[in-house]
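Presented below is the structure to which this report refers.
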Amino acid sequence: MNRCNRLRGSEWKNVGASDELTGRKTEGMTPEQLRTYQILLDAMELRQRTVSENQKFCADASPQMLDSLVPNIAQAARLGDEDARACYLGRGPLYDSRGLLEHPESLQSYRDDARSLIESGLTAGDWRVVDLLQQAYEPGAQGLLAGVVGTDPAQHYRYLKLYRLGAEEHRVAQLDRQLAAAAANLSPAELAQADEWAQSNLPNFRGPSTAGTPQGWDACAFAGN
């Protein structure tokens with residue numbers, strides 16, 4: 001559905017690029033320029049072939065089907081698909097902001113689903129959910145998940161500490177600096193409780209926390225967006 005949603009934009013861009021490229025005059029080009037021009041022509045042909053394949057793939061996709069992209073991501077998340085769960089928690093109906101205007105009720109659906117998806121993600125030992133939560137709880141955080149869980153410095157520290165305990169060595173120094181900044185706003189009792197919680201929950205997770213969540217990672221990358 002995501003491929004088909006983006007197809008019209010790809011068609012429009014490729015037509016313009018193709019007309020501009022094929023309209024160039026080759027007279028007077030140097031051998032190097034001609035080689036570059038041929039490379040561009042080959043790349044354009046490959047893009048056109050991809051668009052043609054997608055047109056065949058999407059031939060039977062109705063507007064109603066394409067309109068159901070976000071609800072289907074949500075349903076896949078509810079059924080336990082880890083990629084869909086991370087994407088839906090991270091972006092929710094904002095994944096298709098145009099569709100959100102037509103279906104504002106999807107915001108309430110997101111609010112209804114978010115808590116149970118958080119619980120299922122933590123139960124499954126999904127580090128992506130931990131990283132999404134530590135970001136969402138941070139004071140000043142934006143986004144739908146932050147709106148659902150609300151600002152909570154203690155919870156931010158708690159999930160950041162859990163994430164830090166599972167981190168690869170090359171990310172430890174930076175995370176320690178973040179933890180120190182977060183800890184400055186908490187009482188000794190809150191820090192002790194959070195540290196104990198993080199340590200006790202660590203065995204539920206497997207592998208490094210940072211392996212699947214590099215800096216700047218996109219929760220919806222699986223959808224090719």
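The values are calculated or read from the model by the stated rules, or taken from the named source; none is laboratory data. Predicted, not measured: the structure shown is a model, and the values here were computed from it. FYI the Cβ positions are ideal-geometry reconstructions off the backbone, even for glycines, and counts take in every protein chain you see. We work out accessible area using only protein heavy atoms, side chains counted, and drop any ligands, DNA or RNA first. Shrake-Rupley method; radii C 1.70, N 1.55, O 1.52, S 1.80 Å.
A few comments on the model shown:
- Restricting the range 148-225 to trypsin sites (Lys or Arg not before Pro) that sit in a DSSP loop and have at most 12 other Cβ atoms within 10 Å of their own Cβ leaves Arg206.
- Under the Karplus curve 6.51 cos²θ - 1.76 cosθ + 1.60, θ = phi - 60°, whole-Hz ³J(HN,Hα) for the range 131-143, x wherever Gly or Pro sits: 5, 4, 6, 5, 6, 5, 6, 5, x, x, 5, 10, x
- When a 1.4 Å probe is rolled over the protein heavy atoms, the share of accessible surface on the range 80-225 that falls to carbon and sulfur comes to 49 percent.
- Per-residue Karplus couplings for the range 180-186, computed as 6.51 cos²θ - 1.76 cosθ + 1.60 with θ equal to phi - 60°, are listed in order as 4, 5, 5, 5, 4, 9, 10 Hz, Gly and Pro entered as x.
- Computed from Cα atoms, the angle from the helix 2-22 axis to the main principal axis of the chain rounds to 40 degrees.
- The calculated 222 nm mean residue ellipticity attributable to helices in the chain amounts to -22000 deg cm²/dmol, summing -39500 (n - 2.57) over DSSP H runs of n ≥ 4 and dividing by all residues.
- Positive-pole candidate from Leu160, Val130, Met1, dipole of the chain, charges at beta carbon: Met1
- In the context of the full protein assembly, Arg47 retains an accessible surface of approximately 100 Å², using a probe radius of 1.4 Å and ignoring ligands and nucleic acids.
- Relative to the dominant Cα principal axis of the chain, helix 31-57 is inclined by about 70°.
- Residue-count net charge about Gly212 - beta-carbon cut-off 12 Å; Lys, Arg +1, Asp, Glu -1: -4
- With Cα atoms, 0 to 90° folded angle of helix 105-123 axis to the chain main axis: 60 degrees
- From the coordinates shown, Cα extents along the principal axes in Å corresponds to which of (1) 58, 33, 30; (2) 66, 38, 25; (3) 77, 45, 30: (3)
- Around the Cα centre of the chain, unit charges on the Cβ atoms of Lys, Arg, Asp and Glu (plus for the first two, minus for the last two) sum to a dipole of about 300 debye.
- Surface per residue (accessible, 1.4 Å probe) for the range 131-183, Å²: 45 Å²
- Computed E for Ala141/Arg6 - FRET, C-beta separation, R0 25 angstrom, nearest 0.05: 0.30
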